[in-house]
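The values are calculated or read from the model by the stated rules, or taken from the named source; none is laboratory data. Predicted, not measured: the structure shown is a model, and the values here were computed from it. Because the Cβ atoms are built from the backbone with ideal geometry, glycine has one as well, and the counts that use them run over all protein chains shown. For accessibility, only protein heavy atoms count, side chains too; no ligands or nucleic acids. Shrake-Rupley method; radii C 1.70, N 1.55, O 1.52, S 1.80 Å.
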Amino acid sequence: MKRALAVTAVAAPLLLTGSGLAAAAALQAASGGAFTTPERSFGTSAVALKTDEIEVGSETARAGNPMPDLGELAEVEIVVRPADPRVPLFVGVGPKEQVDRYLRGVAHEEFVSADLDPFRPVFRSVQGVPQATAPPSRQPFWVASSAGPGTRTVKWDKTGGAWSVVVMRLDGRPGVDVRATIGLRFGFLLPAAVIGLAAGTAPLVWAVVARRRGTARPRRHDHLPAGTAPHD
């Protein structure tokens, strides 16, 4: 009985964890390989749209430092589609301090908050000149970026720190009209699920094998000398 309880205490949490991870991995695969927001429209007559990290609640989202930050466990995928495919775009992720320095004195809009259902974003207008002082693609501080005509996709292995995302025209001129989604891909889900399920199954297999070995042992009278009657 004690052995059975010990095996259950070890196996059950591992199997539950492995099953949960496997379900999450299946859901991610069914969602196209990532957990992705619906596509939303964003636009400004200024030079750029900028957002810092976003803390998402049940009904609202706001600029802030999310805790815990699940993005640090995932690959972040940002997909931006221009309303006019002929307009080359720039989408970049960079350290917040350096992004702020680059946009200082340039007219742009910064994300403040949003109602999620229905989706209504709020941006703060920052006054400045109607042209970037230098092309964004020539800045050295971007950790991930994509530039050119058509749909732009940025994939970023997020790490700790303060980061900002910028969407603007490649030539730095004013006027941005796009549709965008953000997705998180957790690459560890399937391997972790396999490890959890295997680790949870191992104690059960060991217990079954040990029990069979115990029941297979011969009773003492099976090896009594010839001519000796067993005593029940």
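For segment 163-183, enumerate the residues that are open to solvent by 50 Å² or more (accessible area, probe 1.4 Å), farther than 21 Å from VAL106 by Cα and of a type outside the set (Val, Ile, Thr).
Once the filter is applied, which keeps residues that are open to solvent by 50 Å² or more (accessible area, probe 1.4 Å), farther than 21 Å from VAL106 by Cα and of a type outside the set (Val, Ile, Thr), segment 163-183 yields only ARG179.
Report whether or not VAL167 is at pLDDT 95 or above and either aliphatic (A, V, I, L, M) or in a helix (DSSP H, G or I) (or both).
Numbers: at pLDDT 95 or above: yes; either aliphatic (A, V, I, L, M) or in a helix (DSSP H, G or I) (or both): yes.
So VAL167 fits the description; yes.
Does ARG101 satisfy the criteria of being of a type in the set (Lys, Arg) and over 19 Å from GLU53 (Cβ atoms)?
On the way: of a type in the set (Lys, Arg): yes; over 19 Å from GLU53 (Cβ atoms): no.
So ARG101 does not fit the description; no.
Those residues that are touching a Leu at 6+ places or on another chain (Cβ under 8 Å) and either under 23 Å from GLY160 (Cβ atoms) or surrounded by 21 or more Cβ atoms within 10 Å (Cβ to Cβ) (or both), I need them from segment 77-109; list them, please.
Passing the criteria: GLU77, VAL80, LEU89, PHE90, HIS108, GLU109.
Could you check segment 115-157 and list, in sequence order, the residues that are touching a residue at least 12 places away in the same chain (Cβ under 8 Å), within 23 Å of THR60 (Cα to Cα) and among the basic types (Lys, Arg)?
ARG124, the sole residue that qualifies.
This table checks each residue for (1) on the phi > 0 side of the Ramachandran plot; (2) assigned to a loop (DSSP other than H, G, I, E, B); (3) touching a residue at least 60 places away in the same chain (Cβ under 8 Å); (4) of a type in the set (Val, Ile, Thr).
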residue	(1), (2), (3), (4)
VAL87	no, yes, yes, yes
PHE90	no, no, yes, no
GLU110	no, no, yes, no
THR159	no, yes, yes, yes
ASP171	no, yes, yes, no
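Only residues that are open to solvent by 40 Å² or more (accessible area, probe 1.4 Å), more than 17 Å from LYS50 (Cβ to Cβ) and either among the aliphatic types (A, V, I, L, M) or more than 23 Å from the chain's Cα centre (by Cα) (or both): list them for segment 148-162, please.
PRO149
Taking the options ALA144, ALA107, name whichever one is hydrophobic (A, V, I, L, M, F, W, C), more than 23 Å from the chain's Cα centre (by Cα) and at pLDDT 90 or above. Walk me through it before giving the result.
Working: ALA144 fails: more than 23 Å from the chain's Cα centre (by Cα).
Being hydrophobic (A, V, I, L, M, F, W, C), more than 23 Å from the chain's Cα centre (by Cα) and at pLDDT 90 or above holds for just one of ALA144, ALA107, which is ALA107.
Could you tell me how many of the residues in segment 114-147 are hydroxyl-bearing (Ser, Thr, Tyr), surrounded by fewer than 17 Cβ atoms within 10 Å (Cβ to Cβ) and part of a strand (DSSP E or B)? So that I can check it myself, show each step before the final result.
Step one: list which residues in segment 114-147 are hydroxyl-bearing (Ser, Thr, Tyr), which gives 125, 133, 137, 145-146.
Of the ones still in play, those that are also surrounded by fewer than 17 Cβ atoms within 10 Å (Cβ to Cβ) are 125, 133, 137.
This time we only want the ones that are part of a strand (DSSP E or B), so: 125.
Summing the residues that are hydroxyl-bearing (Ser, Thr, Tyr), surrounded by fewer than 17 Cβ atoms within 10 Å (Cβ to Cβ) and part of a strand (DSSP E or B) in segment 114-147 gives 1.
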